[in-house]
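The values are calculated or read from the model by the stated rules, or taken from the named source; none is laboratory data. Bear in mind the structure is a predicted one, so any value in this text is a computation, not a measurement. Note that we place each Cβ from the backbone using ideal geometry, even for glycine, and neighbour counts take in every protein chain shown. Just the protein is used for accessible areas: all its heavy atoms, side chains included, with ligands, DNA and RNA removed. Shrake-Rupley method; radii C 1.70, N 1.55, O 1.52, S 1.80 Å.
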Amino acid sequence: MTDFTLQPHPDFSGTGPILLVILDGVGLYRGRAEGYPGNAFDRARTPELDALFADAPVFMKIKAHGKAVGLPSDGDMGNSEVGHNAIGAGRVFAQGAKLVNEAIGTGRLFEGAVWKKAVATARENGSALHFLGLLSDGNVHSHVDQLFGLLRRLPGEGVKTVRVHALADGRDVDPVTFHLYLEQLEAVLSELREKGLDAAVAGGGGRMSITMDRYNADWEMVKRGWDTHVLGKGRSFASAREAVETLRKENPGVIDQDLPPFVVAGEDGPVGPVNDGDALIFFNFRGDRAIEISRAFTEKDFKEFERERVPDVFYAGMMQYDGDLHIPPNFLVNPPAIRRTVSEYLAHNGRTQAAISETQKFGHVTYFWNGNNSEKFDEKTETWIEIPSDRISFDKKPEMKAREITDALLEKIESGGFDFLRINLANGDMVGHTGDLDAAVKAMETVDECVGRIRRAVDEHGLTLILTADHGNCDMMLEVDKKTGEIKRDADGEPVKKTSHTLSPVPWLLYGKEAARFRKNESVTDPGLGNIAATILLLLGYRSPEDYLPALVEPRPLP
């Protein structure tokens, strides 16, 4: 049995109450003074945040993306799910590649409802089960061994028809190696055919030619993928090998990522179009280049391009690529199982807690915060307050429910009785996702207004405030060319909107009662969201568990 007893900190007996304010989607990226006009946070009038940043005894930038939150690489954007996981857990848990490997290796993936639904759909309809994704062992977006693990499971599932839509890499692996991965794939498909399955490659193309666009940069690229995979439209070849050899000869010097799309066809036409009653699994685990094609398969009101024919299929991702927007709704691998979160420790030690947000982020300050646990640890000491979100596009009302969340928080502060309170203000993220820069500016001005009210309550009632963010978003709302640093523009010369998260660091500050007693912990050389839980425990007068990441601050020596 886990011992949840917290030991007193030797150098600080504790203060309180502690308030954590999470400004969702508010990163620190360059602004207008540095030649970038797309930072909604920078463009907004934010006198309260400006003053708080200046007055806080401790202020720093911390990481909220990549390896700091358990993602495979530092090129991976953070998101609200992994961000709140890391803040609440005090440790960094593996996300993505490692989780998929474990889910396949243990067999847990195959016991899940989504896998069972996918194979049952194909089995009961006598239809095809499709696999679409990057055929690579680069382990950035996908890994061939994961695909092969799924394929080798099928002979025992009753599925009769299997089609693979293979995207060429040449970016995370050597540039001309697609033929080698196809050979590996064909060997696995041959195993399936020997066991009575009709298994074949349906087609494919280079990852920078079809399907794997990101950040809404080129929807025509996704449409080419849709036409290839779903409709079976395009240049036809008798085999994938023939396609690759021919296309390389016709395009001297072409590398795999730029290979044109191709369709494998027989005497009766394309061997693998996606039809009504089929099931399809997108086997990439990384989200940024999986979101757009997932939207095309799952959104009923999809309007980014004309899909011509929209088959009724069961679609699932390897993982959920955007937890904020629930893209896609069905996915094979769940978030990590996390135990001994900071709230679980506080509950076992009798400390009272309150969590407040609107519907869009309520699960983040509860479920994800608590280690993907939807239940309270202690009904007596925990209070959860959900403010219902408006059911409209958030650019239409960028204020969202920030003021109502603040009202509820101030009521709890004034009533007393809480040792630790946490809130999430969703505006920077949810309005940032709309791509409407002007709306995002208004969103940040509303957040600023609310932060001013919160600061005054902190001063009046003697709280200690931690203010931070879970990832960036509204700080970068116009796409930037990585090579030139200039704003990307479309064919009409208009700036390309960015609606995704960013790689920006996020703010972290300590303010309020006894905040001046602390200084930055210089032993923390690479601060991130995972260091916040130990900081909360320190402020409440406790040592953190041995496996927690260290606190961001330390007490100053007494005179």
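Some points to look at:
- Whole-angstrom gap from segment 483-502 to segment 77-150, using each part's C-alpha centre: 31 Å
- Legend: calculated FRET efficiency, Arg453 to Asp174, from the Cβ-Cβ distance at R0 = 41 Å, rounded to 0.05, equals 0.15.
- Look at where the Cα atoms of segment 297-312 and of segment 327-360 average out, and the two centres are 34 Å apart.
- Area of Arg519 that stays accessible when all protein chains are in place (1.4 Å probe, Å², to 10): 90 Å²
- Over the chain, DSSP H runs of length four or greater, each weighted -39,500 (n - 2.57), average out per residue to a 222 nm ellipticity of -8500 deg cm²/dmol.
- Per-residue accessible area (protein heavy atoms, 1.4 Å probe) orders Phe59, Phe305 as Phe59, Phe305, starting from the largest.
- DSSP bridge orientation in the chain - percent antiparallel, rounded to nearest 5: 30 percent
- A simple rule links phi to the HN-Hα coupling: the Karplus curve 6.51 cos²θ - 1.76 cosθ + 1.60 with θ = phi - 60°, which for segment 330-346 gives 10, 8, 7, 10, 7, x, x, 7, 10, 10, 6, 6, 4, 5, 5, 4, 5 Hz, with x for Gly and Pro.
- For segment 362-476, averaging the sequence separation of C-alpha pairs within contact (under 8 Å, six or more residues apart) and dividing by the residue count gives a relative contact order of 26 percent.
- Amide H contacts of Val159 (H built 1.01 Å from N, under 5 Å, at least 5 apart or other chain): none
- With R₀ fixed at 30 Å, the C-beta to C-beta distance from Lys117 to Asp547 puts the FRET efficiency at about 0.25.
- Surface composition of the chain: carbon plus sulfur atoms hold 46% of the accessible area, using a 1.4 angstrom probe and ignoring ligands, DNA and RNA.
- Taking 0.36 nm per residue of separation and subtracting the current Cα-Cα distance, fully stretching the chain between Trp384 and Glu414 would add 9.1 nm.
- Of the residues Ala68, Ala94, Ala51, the one whose Cα sits farthest towards the positive end of the charge dipole of segment 1-133 is Ala94 (charges of +1 on Lys and Arg Cβ, -1 on Asp and Glu Cβ, taken about the Cα centre).
- Relative contact order of the chain, pairs being alpha-carbon contacts under 8 Å that are 6 or more residues apart, as %: 28 percent
- Note that the chain shows a convex hull volume over its alpha carbon atoms of 159 Å³ per residue.
- Alpha-carbon centroids, segment 196-245 and segment 417-478: separation in whole Å: 42 Å
- If you wrap the tightest convex hull around every Cα atom of segment 131-249 and split its volume per residue, you get 110 Å³.
- Annotation: average projected area of segment 378-482 is 8.2 square nanometres, based on the convex hull of Cα atoms across all directions.
- Put simply, when 228-235, 295-302 are sorted by average Cβ atoms within 10 angstrom per residue, most first, you get 228-235, 295-302.
- Percent of Cα pairs exceeding the 15 Å cut-off, where the set is segment 57-126: 65 percent
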